[in-house]
1. Under 1.5 on a/c is rounded, so check that first for the stretch 4-75, then, if it is not, pick prolate when a/b is larger than b/c and oblate when it is not; a ≥ b ≥ c are the square roots of the alpha carbon gyration tensor eigenvalues.
2. If R0 is 22 Å, what FRET efficiency do you get for Tyr50 and Ala75 from their C-beta distance, rounded to 0.05?
Amino acid sequence: MTASERPSRDQFVELDGVALVGFDDLVDRVLASYPELGRAVVESSALREYEAFTGGIPLAVPAELEAGLHELFGAGARDEDAA
């Protein structure tokens, strides 16, 4: 990736020393360079590359995931106590 192809500093956030960009933004930028590939090809390729870079472990998740886990585990624990 050349300096001109990299997203500008205001297009990414840094988390634990890793620059993160929005998935749709990434796909849009790559599609602008390779429109003949089509969105589905770029998206599936990006997902495969993401797996290769991260080993399948997410670098970041939606913040609401934590609330969902508390709800899931809290409900599960209450259900087991009632049985």
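1. On the way: a/c = 2.44, a/b = 1.75, b/c = 1.39.
Here the stretch 4-75 falls in the prolate category.
2. That pair, Tyr50 with Ala75, gives E of 0.10.
None of the figures in this text is laboratory data; all of them are computed from the coordinates on show. As the structure is a prediction and not an experimental result, all values here were calculated from the model. All Cβ positions, glycine included, derive from the backbone under ideal geometry; neighbour counts span all protein chains shown.
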